[in-house]
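What follows is a short report on a single structure.
Here, each number is a calculation from the coordinates, and none is a lab measurement. Values in this document were obtained by computation on a predicted structure and should not be read as measured data. Positions of Cβ are generated from backbone atoms using ideal geometry, with glycine treated the same way; all protein chains shown enter the neighbour counts.
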Amino acid sequence: MRLKGQVAVVTGGASGIGRAIAEEFAAEGACVVVADIDASRGREVAGRIGDRGGQALFVETDVAADEAVDRMIAVAVERFGTIDILVNNAFYRKAQGNDALSLTKEDWNKSIDVILKGAWWAARRALEHMLPRQSGVIINIASRLALTAAPNSFAYCIAKAGLVQMARCIAVDFGKRGIRACAICPGMVETEATADYLSDPEARRKTLDKRFVNSIATPRDIAHAAVFLASPAAAHIQGEALVIDGGASIV
């Protein structure tokens, strides 16, 4: 078990990529705090991990609220004693679908609060427990669009780019003190959020045509990368933005 004895906090852990990461971390021996605003699904994920013999705890968390993040960290430490791994995965759906003119100020603020500010505050509070032990890993789930751009994704591209830079800055500032920080940048992934789009045969064909593999990534593919980055096997991987898009961005 690559993460045996580690304590991991996963925001946005109730569904999609976050759920897969929480489940894979637990399968690799980590104690997992599943943090999400969706209490019903979050409890389901934690319960499922427990049914499989793992250790998991659900904490209802709106990462846009500092006090909720404070509680998330406090509960994790109270229950498991420390925090070894933080995965910033929380997402705001309305970050996508608008350009700079059509995006409302409310959705801009919420996008930044959930995706970017929430990740910073969670990292800040987690670092308070990691630095005294000179050990910890922070993984930000960004996007391929953090490194490129796409139409009608103004807030999303900017917030996700911020997650990449956040990981790099944490690596630079705290790497010599035992902290590693990286970002994962997925392309299209088969989740509930993309199900409607990918159910259109033409859309699926176009998506596959852009890739140099014969399938579209699943949440489990992203989770496998997160396990690797969180593990001792990645001890010399620092500040990187790992793109997982089947090669779509290489041409």
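Considering segment 44-144, what Rg and Dmax in Å follow from its alpha-carbon atoms?
Taking only Cα atoms of segment 44-144, I get Rg and Dmax of 15.6, 50 Å.
Which order, highest average first, do 67-78, 52-63 follow once you tally other Cβ atoms within 10 Å for each residue and take the mean per peptide?
52-63, 67-78
When the chain is fully extended, how far beyond the present Cα-Cα distance does Q165 get from T82, taking 0.36 nm per residue of separation?
My answer for the length gained is 27.3 nm.
In nm, what is the difference between 0.36 nm times the number of residues separating R41 and F212 and their Cα-Cα distance?
Net length gain for the segment: 58.2 nm.
Applying the Karplus parametrisation 6.51 cos²θ - 1.76 cosθ + 1.60 with θ = phi - 60° to the phi angles of segment 50-63, what ³J(HN,Hα) value in whole Hz is obtained for each residue in order, glycine and proline being reported as x?
Listing the rounded values in order: x, 5, 8, x, x, 10, 8, 9, 9, 10, 5, 9, 9, 5 Hz.
Could you work out the per residue convex hull volume over the alpha carbons of segment 126-251, in cubic angstrom?
121 Å³
Roughly how many whole Å is it from the C-alpha centroid of segment 223-243 to that of segment 92-163?
Rounded to whole Å, the Cα centres lie 19 Å apart.
Report, to two decimal places, the Cα Rg of segment 148-191 normalised by 2.2 N^0.38 Å (N = number of residues).
1.42
Quick one: which residues, 5 or more positions from V243 or on another chain, have an amide H under 5 Å from its amide H? H modelled 1.01 Å from N in the peptide plane, none for Pro or chain starts.
Amide H to amide H, under 5 Å and 5 or more residues apart or across chains, V243 pairs with C185.
Among all lysine pairs in the chain that are eight or more places apart or on different chains, how many have alpha carbons less than 21 angstrom apart?
Here the count comes out as 8.
From the C-alpha coordinates alone, can you work out the Kirkwood hydrodynamic radius of segment 51-107, in Å?
For segment 51-107, inverting the mean 1/r across all distinct Cα pairs yields 14.2 Å.
Ranked highest first by the average count of other Cβ atoms within 10 Å around their residues, in what order do 179-185, 210-216, 19-25, 118-124 fall?
19-25, 179-185, 118-124, 210-216
Sorted from largest down, give the three principal axis spans of the alpha carbons of the chain, whole angstrom values.
Over the chain, Cα extents along the principal axes are 49, 38, 37 Å.
Ratio of segment 1-95's C-alpha Rg to 2.2 N^0.38 Å, to two decimals?
Dividing the Cα radius of gyration by 2.2 N^0.38 Å gives 0.96.
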